[in-house]
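Encoded as structure tokens, the structure appears first; notes follow it.
Read-outs throughout are calculated quantities, based only on the coordinates presented, and are distinct from any laboratory measurement. Just so we're clear, the structure is a prediction, and the values are computed from it rather than from any experiment. A quick note on method: Cβ atoms are made from the backbone with ideal geometry, for glycine too, and the neighbour counts reach across all protein chains shown.
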Amino acid sequence: MSPSVVTTQPHKSVGHVKDIMLKNKVHSVPVVNADMELEGIITTKDLLEDTSDNTPISHLMTKDVYTVPLYSGVHIAARIMRNHHINHLVVTDEQRVVGLLSAFDLLQLVEDHRFVMKNGPTPSNKKAKRS
């Protein structure tokens, strides 16, 4: 999880969010209110639409955002991301945004634990009995 999550507010412009994404090398930005409560999320996919840089991001952001509580296991976050076909998951604590988890973060976790795929079961050499 990225604990220093970059956020923005609904009234900010598309141009502003593009600058944030380029500067911070991120592909999604949670949209929050003044209390850091989640209102939506804007991703690079949302910015593919042909809109003016002056358009408020509230017109493009996804409002129904999947979240995971801060103290949930990583397997729960991975299941949510897989089941809903999403690449970014907002981490919350008491409805406040505290982090952002990406598919890349999950891959890095697997790599850090030196995940090794096990071989499948070996086929049996026993001959079928004839009746």
Item checked: Nearest 10 degrees, 0 to 90: helix 74-84 Cα axis against the chain principal axis -> 80
Next item on the list: Could I have the simple spin-label model distance between Tyr66 and Asp53, label points 7 Å from Cα toward Cβ, reported in nm to one decimal?
Entry: 3.3
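Calculated from DSSP H runs of 4 or more alone, at -39500 (n - 2.57) each and per residue, what is the 222 nm mean residue ellipticity of the chain, nearest 500?
Working: 3 runs with 32 residues, N = 131.
My calculation for the chain gives -7500 deg cm²/dmol from helical runs alone.
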Notebook entry, point to check: By a straight-distance test (C-alpha under 19 Å), which aspartates and glutamates pair with Lys63 as possible cross-link partners, with residues fewer than eight away in the same chain excluded?
Noted result: Asp35, Glu37, Glu39, Asp46, Glu49, Asp93, Glu94
Notebook entry, point to check: Can you sort His85, His59 so the residue with the fewest Cβ neighbours within 10 Å comes first?
Noted result: His85, His59
Next item on the list: Kindly work out what percent of the DSSP beta bridges joining two residues of the stretch 14-112 are antiparallel, to the nearest 5.
Entry: 80
Checklist line | Choice from Ser102, Ser28, Ser72 with maximal GNM fluctuation in the chain (Cα, 10 Å cutoff) | finding: Ser72
Check: Considering the chain as a Gaussian network with a 10 Å cut-off on Cα pairs, which listed residue, Lys12, Lys63, Lys45, attains the greatest mean-square fluctuation?
Finding: Lys45
Item checked: Selected from Pro69, Pro121, Pro30 as most flexible by GNM, with the chain as the system and alpha-carbon contacts under 10 Å -> Pro121
Notebook entry, point to check: Amide H of Gln9: which non-local residues (sequence gap of 5 or more, or other chain) have their own amide H closer than 5 Å, using H built in the peptide plane?
Noted result: Val32
